[in-house]
Amino acid sequence: MTESQIDTETLRGVIARELTGARQRTALLTDSVDEPDLVRQHSSLMSPLVWDLAHIANQEELWLLREVGGQEAMHPEIDPLYDAFEHPRSERPTLPLLPPEQARAYGHEVRGRVLDLLERARFGAPEDWGTRLLGDGFAYGMIAQHEVQHDETMLITHQIRAGSPVLAPAAPGPAPADALRLPPEVLVPGGPFTMGTSTEPWALDNERPAHTVDVAPFFIDTTPVTCGAYAEFIADGGYDDARWWTAAGWEHRQRAGLAAPMYWNRDGGRWVRRVFGQTEPVRPAEPVLHVCWYEADAYARWAGRRLPSEAEREKAARFDPATGLSRRYPWGNADADGEHANLGQQFLRPALAGSYPAGAAPCGARQLIGDVWEWTSSDFLPYPGFSAWPYREYSEVFFGPEYKVLRGGSFAVSQVACRGTFRNWDYPIRRQIFAGFRTARSGVAESALCAGTWRISEHRPRCVRSSSTPRTGCTSKHGRRASSDQGQSTRTGSAWAGTRRPISSRPISSGPAPSRPGTGSRSPCGATSPSRTWPG
Ligand SMILES: [Fe+2]
């Protein structure tokens, strides 16, 4: 859905399409395993799949049938079982959960009633919101996002699950012809840009309001860091050298015995990894997956770089210097098609680095939406003017330094929950999520001081710092300067001479917050200790 207002019939169609698409994925993920696999807990970090199945239905009933539709509870006695705050994931296998067939029937019944409700729904513009949940169909959009978020969570459970493969994923196509000629990094110029949104109809509270952020010039990797580049970090002793790790990261690396990304193993002289029950060679040109924040941060330090801040990551993805505006997506304001991004579990793996040229941002960076969630250096904090809505437990209770922000979305989440302003967050030790990263460096100061030489790895060059190497600037093996003294890259073909037109923020309208249905919910189900790994 675009930011412009659309008519009621069109909005009904959008909602029905999103709800139906999410349910088709839910059905595939839960019908593809037998009953013992549905009720088993495959990891203490994850819920049994049958819990997700009924929880999706329960949240849909709470928010749409009860809160929006004013209907009576269908089965009030089960509400506490599916309250993410009341029962952490580790406890859920012990609960008297609905058996699979009853969970399916419950979801089917709720969905039927919701579609009936949708037929009669009237949606107002935000300024007319009498019942704010209905403005622009927000409640429906929130529930569609909730289900696709759980579809991603359930796919994580599938990846953790032991046993023979049950999913038959298609593979993304080859990288485009220019992938190997891409500059390793692109410049994002300094200056203000609009971060967050006050107008995206289905944006969640932590994405709001739009506000101006002044960002110093910086360089950011053109693509996510690849498995091949990460393997160099391992081969160079990166896991054994405390210099590259924060104190907390080094302590965790030792305590947890980290030595490679999750699911990686040595097979003779090569790395292999397990992917949805199948073992395969690690693909060097594929973005690295299943690394925690500490590993991403250590890699960046080893490479003489750093993780981008959340603001940098959003500016790289959204800012259009030609207009001075922030886009909804890197490629523009139109929703994605298959040419823009790897989303929605169409493929169950990231595309090769450099893919999706049609989805590139104005700065030239690719794959800023889809493929892998990307860790940023930033803590999960509220924006200036933040207002919790529709309830505190979606975001507000998680704000603080213990969570790191991830951006961009993965191949496992659908577009309805993946836009340029979308924020995800998790503990820095989490590895089971579909997360990778890209690195950055400051634009002017570091480009002038950049130590060492550009070393061409098999798949991407990196700037190698060495205390014995004269600091004479960064030159790639191809003889290109990494940057000029003015912070203007000569290595990217993008036109970054744009105007800098700050956009004034418009606070979201502040209608009365509805009472929180049930006894605990977020997105609307809420998160749960110990694993945030959204959603509950
Ligand atoms: Fe949930």
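The values are calculated or read from the model by the stated rules, or taken from the named source; none is laboratory data. Bear in mind that the values here come from a model prediction, so they are computed numbers and not experimental data. With ideal geometry, Cβ positions are generated from the backbone for all residues, glycine too; neighbour counts draw on all protein chains shown. Each accessible area value is taken on the protein alone, full model and side chains, heavy atoms only, with ligands, DNA and RNA left out. Shrake-Rupley method; radii C 1.70, N 1.55, O 1.52, S 1.80 Å.
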*Run the quick spin-label model on Thr323 and Arg392: label points 7 Å from Cα toward the beta carbon, then report their separation in nm to one decimal.*
3.8 nm
*Over what distance in Å are the Cα centres of segment 237-261 and segment 82-155 separated?*
40 Å
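If R0 is 22 Å, what FRET efficiency do you get for Met74 and Leu95 from their C-beta distance, rounded to 0.05?
Values: r = 18 Å, r/R0 = 0.83.
The formula returns an efficiency of 0.75 here.
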*Solvent-accessible area per residue for segment 175-304 at a 1.4 Å probe radius, Å²?*
34 Å²
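Can you give me the % of accessible surface on segment 239-378 that is carbon or sulfur? Probe 1.4 Å, all protein chains present, nothing else counted.
On the way: 2260 of 4650 Å².
Carbon plus sulfur share of accessible area: 49 percent.
Length gain on complete extension for the stretch Ser32 to Ala256, per 0.36 nm per residue less the alpha carbon to alpha carbon distance? Display every interim value, and only then the final one.
Working: separation 224, 0.36 × 224 = 80.64 nm, distance 3.23 nm.
Here the answer is 77.4 nm.
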_Under 16 Å from a point placed 7 Å out from the Cα of Asp379 along the Cα-to-Cβ direction: which residues of segment 395-418 have their backbone N that close?_
396-406
